[in-house]
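Q: Before we start, here is the structure in question, set down as structure tokens.
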Amino acid sequence: MSVLKKMDSPIGKYAPDFELPGIDNQVHHLRRYLEKFRAVGVISMCNRCSYVGLYIDKLKKLQTELGKQGFTLIGVNGNIAQNDPNESFDNMKCFAREQQLNFPYLWDSTQDVTRSFGATKTPMAFLIDKDGIIRYKGQVDSNAQQVDSPQTAYLKNAVISLLKGQDIDITETEALGSSLVWRN
């Protein structure tokens, strides 16, 4: 039996910096995003997760609404593709094209970045301020399945508070989604 060493990046601590390949065939560096944006949302996601499917339109809408105010999302796929070809880099490109993603989608083939963030589910959100500090982590909102029902938009509320220079009311929630698939 293999034991997975759990790592975590707690609220109020620096986010792990990364260099990851994107579906645009460029290498993406967290530090460069932090130089350009006032807030960065890193979303642990994958191609096959039904919960990601439920949230994808909400994530694209969030990017559209808050992108002009100094915010960007970054999707990171840390699922192991070895056992599930649907998670391959080529299939990430297909997924992004089919879903018309309006934010970068990066591949964490070693799972080091995913593990360093402490991601356990897809989707799982991490909000990082311009100084590289994690300010929120957990669910995107309180209701994945209902677009129009009353919900608490945890990530959106956190981003808006951060951009306004206000305290974030809810800094952490329990992620809800599919468990990440780890390599042995």
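The values are calculated or read from the model by the stated rules, or taken from the named source; none is laboratory data. The structure displayed is predicted, hence computed values, not measured ones. Glycine gets a Cβ as well: all are built from the backbone with ideal geometry, and neighbour counts include every protein chain shown. The area values use the complete protein model at the heavy-atom level, side chains included, leaving out ligands, DNA and RNA. Shrake-Rupley method; radii C 1.70, N 1.55, O 1.52, S 1.80 Å.
Q: Output the residue which, of all residues in the range 78-125 that are of a type in the set (Ser, Thr, Tyr) and not in a loop (DSSP other than H, G, I, E, B), is farthest from Ser50 (Cα to Cα). Let's see the steps before the verdict.
A: Applying the first criterion (of a type in the set (Ser, Thr, Tyr)) to the range 78-125 yields 88, 105, 109-110, 114, 116, 120, 122.
Next cut, not in a loop (DSSP other than H, G, I, E, B) only: 105, 114, 116, 122.
Values: Tyr105: 17, Thr114: 19, Ser116: 24, Thr122: 9 Å.
So the residue we want is Ser116.
Q: Here is a further query. Starting from the range 83-98, take each residue that is more than 14 Å from Arg183 (Cα to Cα) and list its partners that are part of a loop (DSSP other than H, G, I, E, B) and among the charged types (D, E, K, R), counting only C-beta distances under 8 angstrom and pairs at least six apart or across chains.
A: Asn86/Arg48
Q: Suppose we filter the range 157-178 for residues that are at pLDDT below 95 and open to solvent by 30 Å² or more (accessible area, probe 1.4 Å); how many remain?
A: The total comes to 2.
Q: Just a yes or no: is a residue in the range 132-146 closer than 19 Å to Lys60 by Cβ, β-branched (Val, Ile, Thr), open to solvent by less than 40 Å² (accessible area, probe 1.4 Å) and part of a loop (DSSP other than H, G, I, E, B)?
A: yes
Q: Being of a type in the set (Gly, Ala, Ser) and farther than 21 Å from Gln111 by Cβ narrows it down to one of Gly22, Gly41, Gly70, Gly75, so name that one. Even if it seems obvious, please write down each step before you answer.
A: On the way: Gly22 fails: farther than 21 Å from Gln111 by Cβ; Gly41 fails: farther than 21 Å from Gln111 by Cβ; Gly75 fails: farther than 21 Å from Gln111 by Cβ.
Result of the check over Gly22, Gly41, Gly70, Gly75: Gly70.
Q: Scan the range 38-55 for residues that are surrounded by fewer than 19 Cβ atoms within 10 Å (Cβ to Cβ) and out of contact with any Leu (no Cβ under 9 Å at 6 or more places or on another chain) and jot them down. Steps first, please.
A: Step one: list which residues in the range 38-55 are surrounded by fewer than 19 Cβ atoms within 10 Å (Cβ to Cβ), which gives 38, 48, 50, 53-54.
If the condition is that a residue be surrounded by fewer than 19 Cβ atoms within 10 Å (Cβ to Cβ) and out of contact with any Leu (no Cβ under 9 Å at 6 or more places or on another chain), then Arg48, Ser50, Gly53, Leu54 are the ones that fit.
Per-residue answers, yes or no, for (1) under 24 Å from Asp141 (Cα atoms); (2) touching a Pro at 6+ places or on another chain (Cβ under 6 Å); (3) open to solvent by 30 Å² or more (accessible area, probe 1.4 Å); (4) not hydroxyl-bearing (Ser, Thr, Tyr):
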{"residue": "Lys36", "(1), (2), (3), (4)": "no, no, yes, yes"}
{"residue": "Asp57", "(1), (2), (3), (4)": "yes, no, yes, yes"}
{"residue": "Leu73", "(1), (2), (3), (4)": "yes, no, no, yes"}
{"residue": "Ala81", "(1), (2), (3), (4)": "no, no, no, yes"}
{"residue": "Pro85", "(1), (2), (3), (4)": "no, no, yes, yes"}
{"residue": "Glu98", "(1), (2), (3), (4)": "yes, no, yes, yes"}
{"residue": "Asn102", "(1), (2), (3), (4)": "yes, no, yes, yes"}
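Q: Say we look at the range 59-71 and pick out the residues that are of a type outside the set (Phe, Trp, Tyr), in contact (Cβ under 8 Å) with a residue 60 or more places away in the chain and surrounded by 14 or more Cβ atoms within 10 Å (Cβ to Cβ); which of these is nearest to Lys156 (Cα to Cα)?
A: Only one residue fits best here, namely Leu62.
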